Amino acid sequence: MNLSFPPQIRPLLEGKKVYCSLSGGADSLALLLFLDAHKEEERYTLEAVHFEHGFRGRASIADAKFCRKICEKRGIELALFRIDVPRKRLRGEGDEEAARRIRLEYWRKIVFNPEQSLVALGHHAGDRIENVFLRLFRGSNATGLSSMRHIQKIGRITFIRPFLDHTRTELEEFLRGQQVLKWRHDATNRLNIYKRNLIRNTLLPEIRRAFPFAEAGILQSVRTLEEDSAFLENAADQAYAPLAALSKTDDWRALSPALLPRVLRRFLSEKAGRDIVPDSNLIERFEAALTQRDTGKRRRIPIAGQKELRLLIGAGHVACEKNTRPHPLPDILWDIRKTSRLEFGSFLLTAEELSPGDILFTTDKSAAYFDAALLSFPLTVTTWKYGDRMIPFGRKTPVLLKKLFSDAGVPQENKRTHPLLKDPSGTILWAPFVKNSAIAPVTHKTERILKLLAVTKDGTN
């Protein structure tokens, strides 16, 4: 089975770093091997990322080991993250919904250079059909029904799905052609308590029996809806331009019902700095508020899942109220001998011990390397204090951290949330994305190397 990049994806690849989401199942494994086979031809670099969700105990750990073994055998860089969905699930949130939300949070931390990166997902034609039914049952518009696309941008991260035109059978055929006969099977896929599984295991088999042509027809409908949606999204962009500046209530009232939800999404997302999709309840309340007599007093409409945001309507304008009060970050003791990962504000920090032969230096300042034998533990993760100094690598005298931040382009408002790593004596070892210190340098005598890596939630310093 020969697979190729869809024409709309190929132009995006050159010079990018492609992160492949690898679960160990047939679709993601086929994606990894496909991406690995074409990386030199299309001139991109590749890294696999596996999320251990914490749902299935030993089976889930075995998935992670399988992914590591596959990547080691083929020389593909792999990052493993245990995201512990059961512990981080919000009240009223289902397993699938929580897993999607938390994975996206982690992608925002992992992809520290979104403009030069792509995240590849292994969704195939079958997934696209299932998604149509899920969205249809929720009352989605054309954009929602065609939301699983070859290229999708969420915030600053670009996701690609090269396999949406291929079936799972074709992907398994591709794997066999690569002499790969084993992959991981998620036992929860047989449980119909999950809505997607119910559609896949019960609804679709019945439809295939009664309407053998249905799947091809559904896929064609999705392609048509995608074209319709593109037209409406373009119209929404044009309609939003004047509203972005003045946001007059009368202009909002004049919007077509087909455009209002799309324009509102742009409005909220721009104000929040991330993608926010207004649900039907918010849209209904917003439309109702627009029709009410303007008394000059502003009405506040809460936004589900966005505690810091409120829509404000009144005095002839629509606005978005954002609570920007800073949240102080307490110091955290980090014993890397006990845990290799630590979340600190919008940063994810990881530690890994390497032998000299395994070291791969980077130049993007997201990583720092130290002679592990010369360090003491635990480390302290803290933030900038007035007068802090560090001896940068290559120098013998300390420099004010304030100057190093300025030289690195760290915004003034970010200084007090940017992590610093200190040793037990209080000496600054590293300021991620800024400078690493001259403390415990790696030399030809080094036997054990400590690699520290930082990734950010929003892709900025």
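The values are calculated or read from the model by the stated rules, or taken from the named source; none is laboratory data. Note that the structure is predicted; figures quoted are calculated from it, not measured. Cβ placement follows ideal geometry from the backbone for every residue including glycine, while neighbour counts extend to all protein chains displayed. With ligands, DNA and RNA removed, areas are computed over all heavy atoms of the protein, side chains included. Shrake-Rupley method; radii C 1.70, N 1.55, O 1.52, S 1.80 Å.
The listed residues Phe347, Phe137 rank as Phe137, Phe347 when sorted by accessible area, largest first, using a 1.4 Å probe. Think of a 1.4 Å ball rolled over the protein heavy atoms: the range 263-305 then has 59 Å² of accessible area per residue. Amide hydrogen proximity for Val18: with H placed 1.01 Å from N in the peptide plane, the residues at 5 or more positions away or on another chain lying under 5 Å are Thr45, Leu46, Glu47, Leu118. Between the range 412-432 and the range 147-199, the C-alpha centres lie 41 angstrom from each other. The lysine pair tally for the range 216-334, using Cα distances under 16 Å and a gap of 8 or more places or different chains, is 5. Counting pairs of alpha carbon atoms under 8 Å apart in space and at least six apart in sequence, what relative contact order in percent does the range 1-152 give? Rounded, it is 27 percent for the range 1-152.
Please enumerate, by chain and number, the lysines with C-alpha under 18 Å from the C-alpha of Lys39, excluding those fewer than 8 residues away in the same chain. Reachable lysines: Lys16, Lys17, Lys73. Expressed as a whole percent, the accessible area of the range 5-96 that falls on carbon and sulfur atoms is 48 (1.4 Å probe). With R₀ fixed at 35 Å, the C-beta to C-beta distance from Glu447 to Ser406 puts the FRET efficiency at about 0.40.
Counting only protein chain heavy atoms and rolling a 1.4 Å probe, the accessible areas of Arg89, Arg128 rank, largest first, as Arg89, Arg128. The apolar share of the surface of the range 363-406, taken as the fraction of accessible area on carbon and sulfur atoms (1.4 Å probe, ligands and nucleic acids excluded), comes to 57 percent. Need one word for the chain: rounded, prolate or oblate. Basis is the Cα gyration tensor (sqrt eigenvalues a ≥ b ≥ c); a/c below 1.5 gives rounded, then a/b vs b/c decides. Verdict is oblate for the chain.
By the rule of a C-alpha distance below 16 Å, with chain neighbours fewer than 8 residues away ignored, the aspartates and glutamates paired with Lys402 are Asp388, Glu413. Pairs of Cα atoms nearer than 8 Å and 6+ residues apart set the relative contact order; for the chain it is 13 percent. Loop-only check: which chymotrypsin sites (Phe, Trp or Tyr not before Pro) in the range 191-238 are DSSP coil with at most 15 other Cβ within 10 angstrom? Answer by residue number: Phe213. Under 28 Å between alpha carbons, and skipping anything fewer than 8 positions from Lys403 in its own chain: which lysines qualify? In chain and number order, the partners are Lys109, Lys365, Lys385, Lys415, Lys422, Lys435, Lys451, Lys457. Sorting Phe393, Phe112 on solvent-accessible area from highest to lowest, probe radius 1.4 Å, gives Phe393, Phe112.
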